[in-house]
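For reference, the structure is listed below as structure tokens.
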Amino acid sequence: MVPVLSNDLLLSAAHQFDTPLYVYDESCIKHQFELLQKTFYRNNASIFYACKALTNVNILRIIQKLGGGIDCVSINEVKLALMAGFGAEKIIFTPNSVGLDEYIEAVEYKININIDNLSLLEAFGNHFGSSYPVIVRLNPHIMAGGNLKISTGHVDSKFGISIEQIDDIKNIVLKTGVDIKGLHIHTGSEIKDIEVYIKGLELVLDICKNFSNLTIIDLGGGFKVPYKIDEQGTDMITLGVKVAEALAKYEALSKRSFNLWFEPGKFLVSQCGYFLVKANILKHSPSRSFVGVNSGFNHLIRPMFYDAYHQITNISHPEGSLNTYNVVGNICETDTFAWDRELNEVRPNDILLFSNAGAYGFEMSSRFNSRARPAEVLVSNGDLKLIRKRETFDDLLQNVVL
Ligand code: LLP
């Protein structure tokens, strides 16, 4: 069972640090990390946290101390990873749509580099020859993921080099001498169907015959965590068994073996995060009841952006009778966190809890409507520690030239 924080502790966090507030549970991150290690113990797989989900350096340090690696998509994420103490060999750089200049900077940090388009692979090869082995991101032509916006491995996606362009990769290798040390795929986010991973793995294994210096297969992230109460996440036990079987079969036939890497984001931090807001107003119109809260899609964009479902609980009034509400934010355009949601009767000033808010919550927040970003708190061994201060009006002006 994934550890959960008690409503009492979350209420006291809301009172101590005010709302809106993000709260993260260290013991839950540890639990999820260890679960991944257990899942893939047969292959001694390496776990690289896709830190785009949540980059607070205090969170990165937790994963670093657990022995994890980190997957970064920008040089700033790489700098945060270095600040958190990750060694260069534990960092992967997996950007897209960047120029050669960013790759050259990444080489200076001596980190693992993942290249996802042909022209850049050629430019990189021309620049570095065989001196800096790289991983290549492939597009497996597999449609998978919770919705189209978070599906990345289908044929029309901007990510990766198509599996139909392997000959082009080989030509670049011949022409420039670039050394390919690994193959990577990331098919999408919220993938429940285990067959998607096995199909992706088998596709990659089939492509391995084209490259003699490979040591790494990176299968990306995307494990599904349950957002709704009755929903199931990816069946990790079966996944671990099936991945091991597919690899063992290939290794027996080919007499080759690889280091297996994964890059989970949501799986490590989503369920470990909570978002607390306060009910400001109740509005009963002829057609429905609204709860207006002191936050909006500037702080948690997933419902508006992906139609994502986050469980909402009225932790101030858990014994209240059940009513149906639209939970709306304070941003001055349509800003709906939940439609027709049953909640225990909400009264002004009640604290509402959004679950599963650790991944892509604070990280995708903005200052839209000139509303400052929330604070972040980490719960470690029962203690509440502020790990990011609430922004103030002065922060909004920080880079404005007056
Ligand atoms: N590796 C690569 C190359 C990725 O692009 C991603 C996520 C991951 C790993 C981690 O995927 P995860 O395990 O978190 O599913 N903002 C969206 C999710 C976008 C995911 C982007 N790439 C959301 O809130 O649902």
**Q.** Amide N proximity, segment 240-267 versus GLU89 label position 7 Å along Cα-to-Cβ, cut-off under 15 Å
**A.** 259-260
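Taking only C-alpha pairs under 8 Å that are 6+ residues apart, what is the relative contact order of the chain in percent?
Details: 880 pairs, mean separation 73.7, N = 402.
Over the chain, the number comes to 18 percent.
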(Q) If each residue of separation counts as 0.36 nm, what is the full-extension length gain between ASP340 and VAL57 once their alpha-carbon separation is subtracted? (A) 98.2 nm
Q: Jot down the per residue volume, in cubic angstrom and as a whole number, of the convex hull over the alpha-carbon atoms of the chain.
A: 151
Q: Give me the distance in nm between label points sitting 7 Å out from Cα along the Cα-to-Cβ direction at SER257 and ASP193, one decimal.
A: 3.3
Q. Counting other Cβ atoms within 10 Å of each Cβ, which trypsin sites (Lys or Arg not before Pro) in segment 81-168 have at most 12 and sit in a DSSP loop?
A. LYS110, LYS158
Q: May I ask you to list the GluC sites (Glu not before Pro) in segment 163-254 that are in a DSSP loop and have at most 12 other Cβ atoms within 10 Å of their Cβ?
A: GLU231
Q. Among all the lysines, which ones have a C-alpha under 19 Å from LYS181's C-alpha, if same-chain residues fewer than 8 places away are not counted?
A. LYS90, LYS110, LYS170, LYS209, LYS255
Q. Which residue fluctuates the most in the chain, going by a Gaussian network model with Cα springs under 10 Å, if the choices are LEU82, LEU384, LEU322?
A. LEU322
Q: Calculate what fraction, in whole %, of the accessible area of the chain sits on carbon and sulfur atoms when a 1.4 Å probe is rolled over the protein chains.
A: 51
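Can you compute the FRET efficiency between SER370 and MET143 using 1/(1 + (r/R0)^6), with r the Cβ-Cβ distance and R0 = 51 Å? Round to the nearest 0.05.
Details: r = 40 Å, r/R0 = 0.78.
Here the calculated transfer efficiency is 0.80.
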Q: Indicate the gyration tensor shape class of segment 78-127 (rounded, prolate or oblate), computed on the Cα atoms with a ≥ b ≥ c the square roots of the eigenvalues: a/c under 1.5 is rounded; otherwise a/b larger than b/c is prolate and the rest oblate.
A: prolate
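Once the Cβ-Cβ distance between SER130 and GLU164 is put in as r, and R0 is 45 Å, what FRET efficiency do you end up with, to the nearest 0.05? Write down the numbers at each step before the final one.
Details: r = 26 Å, r/R0 = 0.57.
About 0.95, to the nearest 0.05.
Before I look further, what does the chain give for accessible area per residue, probe 1.4 Å, in whole square angstrom?
Numbers: 17710 Å² over 402 residues.
About 44 Å² of surface per residue is accessible.
The values are calculated or read from the model by the stated rules, or taken from the named source; none is laboratory data. Quantities reported herein were computed from a predicted structural model and do not represent experimental measurements. For neighbour counting, all protein chains shown are included, and Cβ atoms are generated from backbone atoms with ideal geometry for every residue, glycine included. Heavy atoms of the whole protein, side chains included, go into the accessibility calculation; ligands, DNA and RNA do not. Shrake-Rupley method; radii C 1.70, N 1.55, O 1.52, S 1.80 Å.
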